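Asker: Sharing a structure, written as structure tokens. Questions coming.
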Amino acid sequence: MMCWKKILCLSLLLQICFLLFALTASAAHLSGEWQYREARRDASELQIVQSAAQGARDWKSFAFPAPPPFAEGTRKLYETTQVLPGGDEDTLLFFTTGEKVRVFLDEKLVYTYDETALNSAGGGRMWHLVHLPQVAHPYALTLELSSGDPHTLGVYWSFSLGTEQRETERIFLSDMTLILTLPVAVCMLCITALFYWREHRDRRLYRTLLTFLGNFILWGIAALNTKYFLTDAVLFWWYVLTIAAYFLPITAYAIVYEVLKGRERRVVGWFIRAFFLLFTAALLLDLSGMHGLKRLFLLELVLMALFGPFIFWWCARAARRGDDYCRSLLVPIMLFTLLGILDGVNTYLHFLPGDMFLCPFGIYGIAVFLLAILKRMTHREEALGERASRLRSAIVTARDRETHDPLTHALSRAAFRPLLERYLVRAEQKQQAFSLIMFDVDHFKQVNDTYGHEAGDSVLVRLTQAVRANLASRYPILRWGGEEFFVFCPEMTLAEAAALAEILRRAARSVRVEEHVVTASFGVASYHGASDTADALCARVDAALYAAKQGGRDRVVCEAQDA
């Protein structure tokens, strides 16, 4: 587990370093002084653009790319600079949020972005790719920016001049964090769905994790810049992005809620309610025209920064008590909290290059949590396997106790009737012979009385071993009770069974108790066909054994031929 954590952390650091390098190394800066002018009623748009083309002598300078210090209440702003001839740079790329954009080259309008659905809150982030013609003389580049939100007016997430290929690549590079993490999130969603479908335990945890991953994927899709190659629904995607961002801590803390126990679990529940209450208030304010989703988002970052250390501490304390789930949650909690706060602050300070997000990398922390789930499932399956093995062993033992004699390990009396009837049915169906041998230890009571019951038990065990040593596996031996035994002889005639009984009688004499030689008397009977029955066969073999006893013992007697 620790090896996987190190690999994930190293992979995360390498990807972040690569993206920072890729997004900063290719940037090209416009040369020339930047100047701005606020829109006024005493000057038309054409007059302002002409003034910029003629040198912007009455314009104010400012430190680009920082927004200019325009007057309060300004809703439209003009910014201009000189583009010098030479070089291969012919494409302008910049990102804005909730701004209507018009681009002029001298007095010519070359680009317009006027999303009428944009509201006064300034919602909706968009990139602008503007082709600039190659000319032999300097010309004025003038941007007209309009926004209902003074916090987004004149704010660029990125601004660069380069070749068309390089600037297009920058759009894709700005999505690289999401491109690297969204497929991972989709795979995790599928894996969690399999967990949910397969496992009946911890289903609430899996359902919560599915909700978080689904919300993360929706947020990631809404944050993609490349989707605007296919759609222009900027405001719709801004709402999806913002609402999903509000729900990220709610769904993340819900996972922690399912893992923690006791008082900490209840407090996390109140944290979740606080986030949901904040979202509800922001949504109501937004519906009333007060732009709550954007204005209250900073409070969400404050709550994350406030609640995050408590969540981390409680999970760390539970991890020290041996909770694997809490231990594995430490990584995603730390990643999502820190990276989410950095992304949120970047919304206001713009310290990251381009339109880059760091929060998606937190999804790699969820991989550690999934590995912990998989580890617990594996241990649970191993425990279930061991339990099933013990149960199977217990069942086999119980069956053996039911059908086998615990002393001699021969078949027990309970198995006699089913086994006999099965042999008789087979003999009738296949027209085969079947014989039954019954034997009894001679003077066994005397052995018990003289040498003790332990010696008697030993006689029975050794006698069974001696008899079994002279039997093929297809001829089972059964202890009827006490010192009486049966031997089943399938496909064996009466004469063949009598010969086998004689072998067994001699084998029995190999058993001794001190100077006493153990002997046994044998009775043999055979199956007479369809007219015969199991009861009649047992009666005949019992009569033959009785005859052997009456005849002096230690002998083999077959059933009477007229029986």
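The values are calculated or read from the model by the stated rules, or taken from the named source; none is laboratory data. A quick note: this is a predicted structure, and the numbers were derived from the prediction, not measured. Cβ coordinates were reconstructed from backbone atoms using ideal geometry, including for glycine residues, and neighbour counts include every protein chain displayed.
Asker: Go through the stretch 54-89 and count every residue that is at pLDDT 85 or above and within 17 Å of His137 (Cα to Cα).
Answerer: Total satisfying the criteria: 4.
Asker: Scanning the stretch 209-250 for residues that are surrounded by 21 or more Cβ atoms within 10 Å (Cβ to Cβ) and within 18 Å of the chain's Cα centre (by Cα), which turns out nearest to Gly344 (Cα to Cα)?
Answerer: By that ranking, first place goes to Phe216.
Asker: Among the numbered conditions (1) exposed (fewer than 11 other Cβ atoms within 10 Å of the Cβ); (2) closer than 25 Å to Tyr228 by Cβ; (3) among the aliphatic types (A, V, I, L, M), tell me where Ala71 comes up short.
Answerer: Ala71 satisfies every listed condition except (2).
Asker: With respect to Gly523, determine if the residue is surrounded by fewer than 22 Cβ atoms within 10 Å (Cβ to Cβ) and farther than 15 Å from Leu424 by Cβ.
Answerer: For Gly523, the condition - surrounded by fewer than 22 Cβ atoms within 10 Å (Cβ to Cβ) and farther than 15 Å from Leu424 by Cβ - is not met.
Asker: Somewhere in the stretch 222-237, is a residue in contact (Cβ under 8 Å) with a residue 12 or more places away in the chain, assigned to a helix (DSSP H, G or I) and in contact with a strand residue (DSSP E or B) (Cβ under 6 Å, 6 or more places away or on another chain)?
Answerer: yes
Asker: Take the stretch 131-151 and flag every residue that is buried (at least 22 other Cβ atoms within 10 Å of the Cβ) and of a type in the set (S, T, N, Q).
Answerer: Across the stretch 131-151, the qualifying residues are Thr142, Ser147.
Asker: List the residue pairs whose Cβ atoms are under 8 Å apart, where the first residue sits in the stretch 399-425 and is at positive phi, the second is assigned to a helix (DSSP H, G or I) and crowded, with 17+ Cβ neighbours inside 10 Å, and the two are 6 or more positions apart or on different chains.
Answerer: His409/Thr464
Asker: Within the stretch 540-555, can one find any residue that is more than 21 Å from Gln432 (Cα to Cα), surrounded by 13 or more Cβ atoms within 10 Å (Cβ to Cβ) and in contact with a helix residue (DSSP H, G or I) (Cβ under 9 Å, 6 or more places away or on another chain)?
Answerer: yes
Asker: Further question on the same structure: Of all residues in the stretch 489-508, how many are surrounded by fewer than 22 Cβ atoms within 10 Å (Cβ to Cβ) and in contact with a helix residue (DSSP H, G or I) (Cβ under 9 Å, 6 or more places away or on another chain)?
Answerer: Residues in the stretch 489-508 being surrounded by fewer than 22 Cβ atoms within 10 Å (Cβ to Cβ) and in contact with a helix residue (DSSP H, G or I) (Cβ under 9 Å, 6 or more places away or on another chain): 3 in total.
Asker: State all residues of the stretch 100-138 that are at pLDDT below 85 and outside any loop (DSSP other than H, G, I, E, B); if no residue qualifies, say none.
Answerer: Answer for the stretch 100-138, where residues must be at pLDDT below 85 and outside any loop (DSSP other than H, G, I, E, B): Arg125, Met126, Trp127.
Asker: Let me ask something additional. Would a scan of the stretch 447-468 turn up a residue that is surrounded by 16 or more Cβ atoms within 10 Å (Cβ to Cβ) and not in a helix (DSSP H, G or I)?
Answerer: no
Asker: Looking only at residues in the stretch 182-208 that are part of a loop (DSSP other than H, G, I, E, B) and of a type outside the set (Lys, Arg), which one is farthest from the chain's Cα centre (by Cα)?
Answerer: My answer is His200.
Asker: Picking from Phe271, Phe275, Phe279, which residue would you name as being farther than 25 Å from Ile373 by Cβ and surrounded by 16 or more Cβ atoms within 10 Å (Cβ to Cβ)?
Answerer: Phe279
Asker: Also, quick follow-up: Only one of Ala508, Ala520 is small (Gly, Ala, Ser), in contact with a Lys or Arg (Cβ under 7 Å, 6 or more places away or on another chain) and touching a residue at least 40 places away in the same chain (Cβ under 8 Å); which?
Answerer: Exactly one residue qualifies, and that residue is Ala520.
Asker: Looking at the stretch 33-53, is at least one residue crowded, with 19+ Cβ neighbours inside 10 Å, modelled with pLDDT under 85 and either assigned to a helix (DSSP H, G or I) or touching a Leu at 6+ places or on another chain (Cβ under 8 Å) (or both)?
Answerer: no
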